[in-house]
Each structure stands twice: as structure tokens, then as C-alpha cells.
Amino acid sequence: ESIRNQTYKNWTLVIVDDGSDERHRAVTETRLSMLNDPRIQYGWLPHKGVVAARNHGNAVAQGKYIFAQDADDLSLPNRLEACVWEFENNEMDVVCHGLYENYWNENMQCISRRYIPVHPHPNLKEDLKTHQPLPGACAYTKEIVTRFPFREETQHAYDWAMFVDFAYNGAIIGCINEGLYEYVRHSD
């Protein structure tokens, strides 16, 4: 629903099911057919993990820009519009933006929310040698991710490896210091 409620309307949603069982798959297909929205595509893959699912989605996507989103996260209503504007007006390969992280606060016994800003990094290549300075939620051009697909051997650090590949191969990375994404951090 967070994609269907975007202010930017020219999108296609490619849902990649990473190996759910037949029952879950049937329920998902039924619910999606009830939406009757031709912009939504659904595909099932045998379970291979998040990187294989991202690479598959990137490969079948037909648009000029790609926005990744996990099933338990949300895109705020102006995410697509803000990033497309940045792509179109500043000739970027990647657009990063701030996000809100929602997590279980053990001390307070409640869900807490914090804002994670994003800032331009003039020394991004150096920063990437020691840490991931940019939030993993970003948008990128189909062209850049076709040239540098996610590395499947980096299951738990694929977004860091993505930024390394992009930065060291001359990608132009822009930043929007606005929270455009709701990310759920699980305890594990």
C-alpha cells in the first residue's frame, strides 16, 4: 500500500517472493489479483536470500529507476517523487535519503523510532574502507545496477558492497536529507 499511495504515479511494483511455501504463495497471488492493479507484478523464486531476490527484481524491472523495499518496510508518500526529481535534475546514478528506523527498545519495552539522516560524503571511498556511511535504503538507475549487480557472496553486507562497487566505479551518488523510508530493525 505504501507504493500504491505514492504521489508519483508512473511506477511498476515488482514483487519478488524469495521461496515462500505454496500456501503463502497462493494467498499472496489471490490478494494481489483482488487489487486489480496492472502495475503490480509478482514472481516466485526458490529461496536463495535477499541478494538473489534483489538481483532478480533488478533484472526484470523495466523502468529507468529502481527503488528497493522489503516487505516489512514502508516508503513514505513522496519517496518516489523526491528521488525521481533528484535523478532528473542532477544526473545522479544513485540517490540516498534519510530514513526512520523502528526497533524494539528493550529498556522501555516499546517500539522506538529514530531518524537516520544522510549526508554527502566527500571522502566516500575512504569512509567505505571502515564503515557504511550511507543508509542502505536508496534508489539507483537501472543502468548502474545492471553494470554492477549485487554480490551474492555478501548476504549480510550487500548494501555496503553495493556502495563500494558504485563509488569505486565512478557512480554519482546524491543525497536527500529527508526521511523517505520506514525501516524495521529486528532483534536478530
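The values are calculated or read from the model by the stated rules, or taken from the named source; none is laboratory data. Everything quoted here is computed from the prediction, not taken from an experiment. Because the Cβ atoms are built from the backbone with ideal geometry, glycine has one as well, and the counts that use them run over all protein chains shown. Quick note on the areas: whole protein, heavy atoms, side chains included, nothing else; ligands and nucleic acids left out. Shrake-Rupley method; radii C 1.70, N 1.55, O 1.52, S 1.80 Å.
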Unique match (being closer than 14 Å to ILE66 by Cα, open to solvent by 90 Å² or more (accessible area, probe 1.4 Å) and not in a loop (DSSP other than H, G, I, E, B)) among GLU126, GLU88: GLU88
Residues (over 19 Å from GLN69 (Cβ atoms), in contact (Cβ under 8 Å) with a residue 24 or more places away in the chain and open to solvent by 40 Å² or more (accessible area, probe 1.4 Å)) located in segment 132-156: GLU143, THR146, ARG151, GLU152
Identity of the residue in segment 159-174, among the aromatic types (Phe, Trp, Tyr) and buried (at least 19 other Cβ atoms within 10 Å of the Cβ), that ends up farthest from LYS129 (Cα to Cα): PHE166
Selected residue [out of contact with any helix residue (DSSP H, G or I) (no Cβ under 8 Å at 6 or more places or on another chain), among the β-branched types (Val, Ile, Thr) and either assigned to a helix (DSSP H, G or I) or within 19 Å of MET92 (Cα to Cα) (or both)] from VAL145, VAL164: VAL164
Exclusive hit being surrounded by 13 or more Cβ atoms within 10 Å (Cβ to Cβ) and among the small types (Gly, Ala, Ser), set ALA26, ALA52: ALA52
Restricting segment 104-122 to residues that are open to solvent by less than 90 Å² (accessible area, probe 1.4 Å) and more than 22 Å from the chain's Cα centre (by Cα), the residue that is modelled with the highest pLDDT: CYS110
Residue match in segment 77-85 (condition: outside any helix (DSSP H, G or I) and open to solvent by 60 Å² or more (accessible area, probe 1.4 Å)): yes
Every residue from segment 63-76 that is closer than 21 Å to ARG147 by Cα and open to solvent by less than 60 Å² (accessible area, probe 1.4 Å): GLY63, TYR65, ILE66, PHE67, ALA68, GLN69
Which numbered condition GLY179 misses (of (1) open to solvent by 20 Å² or more (accessible area, probe 1.4 Å); (2) more than 20 Å from ARG54 (Cα to Cα); (3) out of contact with any helix residue (DSSP H, G or I) (no Cβ under 7 Å at 6 or more places or on another chain)): (1)
Of all residues making up segment 1-53, the number that are in contact with a strand residue (DSSP E or B) (Cβ under 8 Å, 6 or more places away or on another chain), of a type in the set (Lys, Arg) and assigned to a helix (DSSP H, G or I): 1
Residue check, VAL60 under 19 Å from the mean Cα position of the chain (by Cα) and either open to solvent by 50 Å² or more (accessible area, probe 1.4 Å) or in contact (Cβ under 8 Å) with a residue 60 or more places away in the chain (or both): yes
